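One structure is given here, and the rest of the page talks about it.
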């Protein structure tokens, strides 16, 4: 992982491919790499779809090694959805494979002159960038099938569907999983639109013939990894809850806690919750010959995913995540798991962020375009995006645009990005993260739900403002660091509760790179990343006034607790205090 | 003009109407009134379509008097298009009539609970607010005809068409002219959407039985007004150019100067300019039995408007303004005056800002939705807005949203509002105004074209950065003050060139109110208004980084001069230096 691949798509001359050393970017990985490159190389006032924006793809520091859980790949750019800097990471196979192929980053820059699509093929023999207009407007499932036919079954793909080609604000970059299906997505912020604007339809990796990355101190590395895995296995969330029911284990929990945004954030409990819960989902999956426990990449030991078959026992989609089930489910008043799974499949196929899409559909329902609870109408709305109709383009542009176009007042977004599946009034810690994250509303940026609701890493009352800023701050710093390692964020449950599991992670990094980092150094790394991101956003025009929730969260209490968001502006402004 | 009418539309209880004294708002009029009320009473982070936003309507300080040119009415709110404070003013009869009825401001607040439309009737007998759902989705021409049937031929109306009811970002408030036609519009920033969100379809004024407002010193007032009128008559722009050809006299001038944005700001000259010029338009109007010289309100002596009849000699629309002819003409590559007049009529009828609509259509053309130059396609696109289709809603939401939805990179907006008919690269002074105005891109906020191109009020080279900030600053200050008086901005041509005409205006104000204002006091008034507006915008999250042109104006030179916008960020940040 000592090379950078820099690809200039034009417009002057034909696209060019260049390999570079790491230079200034040595020692960086994942979000640390993507945010550093964007911060240094992209003018903050450039148009997200223009030649000056860049798309940076980077595996984490531990990706491609034997470290468990190290399969996250980061994608960074200036976001077409939010206008902020953006890092969006996904599981699947790409991080491991790209790292083994030796690349710390792919930097895609420029913009092709002509309306031409390209594919990028990277294997042990080198790198090829080829025109391929036969891929035009293919969606992810068909596209990946076609690429498998051409390049064999051992490939790993990063692709965009029709949504990315149409440059929609909700467009994702799909990453294939162990079964070479496009089920894992860099979901948030429209990274797929940037890839589309650059004219790149697919990256095809093949790491056949490449070796696992070797640690500086193999013995110490192996020992640390063993302790790390043991720690994950013994924690109730990573060892039991997630493997058994996946992330959707949260549906009942959040609805019972009154923090489950229902019908476009108009109440905090959903009467249909049990019908779409992780428990119900796991049972249905098993019944139909699918699986409720499955990893999304080599080296995953939590295995929070699964396989969702249709009524006839045929593969429909991977196990929909909690946030997806919420977005297309309770947030739209829908309690039908088959309908939700169908929308998950369509989103994956077109290449759409399930959270943003569900939020858009809910806002459209608030405008009267369809009725809350009407699953068939919701599926048809998602299909509009696939067809590329005007209505589809509106919805695919995200909840903020949908609200603008239909004149809706209740638009649950921060910095243009839709809020995920936790009401910030009933889970105030996550409200702080939504408001202040450098990424727009993003639960993964500082998952205070862990401490507010699951009581992991302490216990902070979710309904009160006290302690939320400190909680979110610590989590945002830790998350930024984790996002640099390539580690799945779910390790945080064990790392937060078990000091030795945290130490094992640091020991792994030290053994691999021959370093002597301490916990403080990890924290400093997180702070450095956040600082770079904040500086980019400031240059792009973002101020304290943008670190706020939409006003209805302050003025309208949400049932059943009848609370509003109580954390003061002054406290929010004190989050980034370094 | 010593009363304020405060109307609460709900949602708690039935709408209520209350008369108040002027209180803190004594001595204010027009933009001075609207910006002061919005600045003091509207939370800067409120949703523009929500109950917390207010719509303020205010005649100018000299409206309703015998002062020539005093017929501008200001409407203020937080803008749904830009998110900034907004003042949009129009001619027509409303300012004179409302002022004679004694109201310095109508403040519309709250939001009705039910989906109900109201009309407000104000005459010598008092004020009535009535439900009238029979007006639903009527467009302005049919609506005004219906109101005339009910309330007689002597009324003056302020109305919204279907666009305002649909809460579109380009929706206007129409003001009827001397012929009781809805041809004058508070065009910019979506004021019509705010009126729509408040459920108010129409205000019907009737000043029968009311007297002209009386000055404190009638003799001095009369004498000053006489000097003022003489000044306007002797200046070549206000005495000759505007009366003969209207504002459209600028088409040939700007195209020859290379500052006429053509095909969505991709070049600065339009080969079809002469076919849609003011000269051609005046000839056609006269030929068809219309008129090329006509006032839009009682007391207008410049008479820059006209009557545009169709091929059969029947009234189609008022003489389209230069910016309208540009927006629907050259900016879309269209050189057909009949097509442009048809779009002007449709915009007036649906209640749409012609500048924003033309810009949206041009951005859609850039996305390939229609071809530049295809007049029939352009008309059909405008008709989509009238039908309320999804495509229509996109276009009616403005150029920024249209660009987002269709993935277009070239979007000529500042703070979400489309630039008018002057390329900021070839007319750099207006570029400074676009960038820094409190209103988003707005030529009327500081019309540097006067000095850059028409050589009125001095001579500043339009292609160079030198002197532009000072020019725009002085004009923005003066304009804010003029917008408080109710005076038509076109008086500025004479006022800038002829010190005695400026003095006559001050003398009029002094004689009317018994004051002893100097030119410096007028300047202070302008500065105070701008400061209030800037403070609102700052609270709403706007920073120096928002006082910028889109990046393509900096990176792409425009033909024929092959210049980019050269005024530095540092200079722009120095504009508001008090």
### Message
Principal axis extents for segment A:181-247, Cα atoms only, whole Å, descending order, please.
### Response
44, 35, 21
### Message
For a protection proxy built on the mean count of beta-carbon atoms within 10 angstrom, sort A:138-148, A:124-134, B:365-375 highest first, please.
### Response
A:138-148, B:365-375, A:124-134
### Message
Regarding segment B:125-263, what's the average projected area of the Cα-atom convex hull, expressed in nm²?
### Response
12.7
## Note on the structure
Inter-chain shielding metric for B:531-543, i.e. average beta-carbon neighbours from other chains within 10 angstrom, reads 2
### Message
Cβ neighbours within 10 Å, averaged per peptide: list A:248-255, A:53-60, A:326-333 in order, most packed at the top.
### Response
A:326-333, A:53-60, A:248-255
### Summary
Going fewest to most other Cβ atoms within 10 Å around each Cβ, A:86, B:464 line up as B:464, A:86
### Message
Per-residue counts of other Cβ atoms within 10 Å, averaged by peptide: what ranking do you get for B:29-39, A:178-188, highest first?
### Response
B:29-39, A:178-188
### Cα-based shape type of segment B:246-422, given that a ≥ b ≥ c are square roots of the gyration tensor eigenvalues and the cut on a/c is 1.5
prolate
### Message
Using only the alpha-carbon atoms, what does segment A:449-491 span along each of its principal axes? Please give whole angstrom values in decreasing order.
### Response
33, 18, 12
### Message
Taking a ≥ b ≥ c as the square roots of the Cα gyration tensor eigenvalues, with a/c under 1.5 meaning rounded and otherwise prolate when a/b beats b/c, else oblate, which class fits segment A:459-578?
### Response
oblate
### P(r) weight above 19 Å for segment B:240-344, C-alpha pairs, percent
37
### Estimated D of segment A:424-527 in µm² per second, where Rh is the Kirkwood radius over Cα pairs and Stokes-Einstein applies at 20 °C, 1.002 mPa s
154
### Query
Rounded to the nearest 500 deg cm²/dmol, what is the calculated helix-only ellipticity per residue at 222 nm for chain B, with -39500 (n - 2.57) per DSSP H run of length n ≥ 4?
-11500 deg cm²/dmol
### Beta bridge orientation in the protein assembly as shown: antiparallel %, DSSP, nearest 5
75
### Summary
Projected area averaged over all directions for the convex hull of the alpha carbon atoms of the protein assembly as shown, nm², comes out at 41.7
### Task
May I ask you to derive the relative contact order of segment A:244-422, considering only C-alpha pairs under 8 Å and at least 6 residues apart, and to give it as an integer percent?
19
### Query
Given the alpha-carbon gyration tensor of segment B:419-484, what are the semi-axes of its equivalent ellipsoid in whole angstrom, ordered largest first, with each equal to the square root of 5 times an eigenvalue?
16, 13, 10
### Task
Counting only C-alpha contacts under 8 Å and six or more residues apart, can you give the relative contact order of chain A as a whole percent?
16
#### Entry: Gyration tensor (alpha-carbon) shape descriptor, chain B, a/c threshold 1.5
rounded
#### Entry: Residue-averaged beta-carbon neighbours from other chains (10 angstrom radius) around B:162-172
2
### Summary
Percent relative contact order for segment A:3-206, counting Cα pairs under 8 Å at least six residues apart, stands at 23
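No lab work stands behind these numbers, since they all come straight from the coordinates. This is a predicted model, so every value here is computed, not measured. Glycine gets a Cβ as well: all are built from the backbone with ideal geometry, and neighbour counts include every protein chain shown.
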